[in-house]
Amino acid sequence: MPVLKKFRSIESTGKVKKGCKERYVSVTETMMLHDNFISLSSSATKLYLYMKYWSCGKEEITYSSSLAEKYMTKPTFIKARNELVDKGFIKYLECGRFSRTPNIYKFISDWHYKNSI
């Protein structure tokens, strides 16, 4: 019987909870070869992949700029997020700017229908 390795998750405690499996991100061939995905900046691509990872397969995600601080600066996060919104990969559902809560985003497939910029 193969031995399963435990990997550190992105949890704030840094511990893998008992019974948790390793998370992964699935990117389809259609998306990878589409002009809109190819034209994304490296920061936007990285942000999209981290957001998909963080969502654990859910369509809606609560994500704040503080989660992205480990791999990009706040201005870079804002530019990358706006690029993902403009190109149809994510959309705002709720902005938590004034209530000091994380934003809520939804993964959408509008990138498939928009012309590349």
If we scan the stretch 104-117, do we find a residue that is assigned to a helix (DSSP H, G or I) and touching a helix residue (DSSP H, G or I) at 6+ places or on another chain (Cβ under 8 Å)? yes
Let me confirm something: among LYS52, LYS79, which residue is in contact with a strand residue (DSSP E or B) (Cβ under 9 Å, 6 or more places away or on another chain), part of a helix (DSSP H, G or I) and touching a residue at least 12 places away in the same chain (Cβ under 8 Å)? LYS52
For the stretch 23-44, pairs from a residue that is farther than 19 Å from ASP86 by Cα to a residue that is of a type in the set (Lys, Arg) and buried (at least 16 other Cβ atoms within 10 Å of the Cβ), with Cβ under 6 Å and 6 or more apart or across chains, are VAL25/LYS52
Taking GLU22 as meeting all but one of (1) part of a helix (DSSP H, G or I); (2) at pLDDT below 85, write down the number of the exception. (1)
Being modelled with pLDDT under 85, of a type in the set (S, T, N, Q) and within 25 Å of GLU29 (Cβ to Cβ) is true for just one of SER64, SER99, SER116. Which residue is that? SER116
Of ILE108, ILE38, which residue is among the hydrophobic types (A, V, I, L, M, F, W, C), exposed (fewer than 12 other Cβ atoms within 10 Å of the Cβ) and farther than 18 Å from TYR24 by Cα? ILE38
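The values are calculated or read from the model by the stated rules, or taken from the named source; none is laboratory data. What you are looking at is a predicted structure, and each value in this text was computed from that prediction instead of being measured. Cβ: placed from backbone, ideal geometry, glycine included. Neighbour counts: every protein chain shown.
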